[in-house]
Amino acid sequence: MNTNHSNQIVNQVFIILKYTFGIVPIVAGADKFANILTNWEQYVNPTIAGLLPFSTGTFMMIAGVVEIIAGIIVLVKTEIGAYIVAAWLTVIALSLLIGFNFVDVAVRDLVMAIAAFSLAKLSKAVS
């Protein structure tokens, strides 16, 4: 395979992943304030919800701010932001798996965490 063509493919994959993991966390984070996509509070592990010093709605808004910041970091400093998104998605998935709630969402989040981790690694190849 042509090296130039391979570099173009790597760059295209990098751009697709960068904007996916930049924009999606920003949109999901913003939706934590609006609950248009879903009722985000339903995803909070009941055990964790019981330990919170504030409502699950407030907790989800804090999570939304974290997601918005993580998405912005992906767009500006891709490698660092991608590691943050990968870690964040892993924590979310583990919290869902611990309560054995929304296992399908947990598996999806783990797959997305692997993709975000891959983006972090790929960012070294394109920089």
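The values are calculated or read from the model by the stated rules, or taken from the named source; none is laboratory data. If you're wondering where the values come from, they're calculated on a predicted model, not measured in any experiment. Neighbour counts run over all protein chains shown; Cβ positions are idealised from the backbone, glycine included.
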- Query: Of the residues GLY29, GLY64, which single one is modelled with pLDDT of 95 or more and in contact with a Lys or Arg (Cβ under 6 Å, 6 or more places away or on another chain)?
  - Reply: GLY64
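Any idea which of THR56, THR38, THR47 is among the β-branched types (Val, Ile, Thr) and within 19 Å of VAL111 (Cβ to Cβ)?
Details: THR56 fails: within 19 Å of VAL111 (Cβ to Cβ); THR47 fails: within 19 Å of VAL111 (Cβ to Cβ).
Criteria check complete, one pass: THR38.
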- Task: Please find, within region 109-127, the residue that is farthest from GLY29 (Cα to Cα) out of those that are exposed (fewer than 14 other Cβ atoms within 10 Å of the Cβ) and free of Cβ contacts under 8 Å to residues at least 40 places away in the same chain.
- Result: LYS121
- Query: Counting only residues that are farther than 15 Å from TRP40 by Cα and within 10 Å of the chain's Cα centre (by Cα), how many does region 75-90 have?
  - Reply: 9
- So is ASN39 exposed (fewer than 13 other Cβ atoms within 10 Å of the Cβ), within 14 Å of MET61 (Cα to Cα) and not hydrophobic (A, V, I, L, M, F, W, C) or not? yes
- Do we have any residue at all in region 97-105 that's among the small types (Gly, Ala, Ser) and either at pLDDT 95 or above or assigned to a helix (DSSP H, G or I) (or both)? no
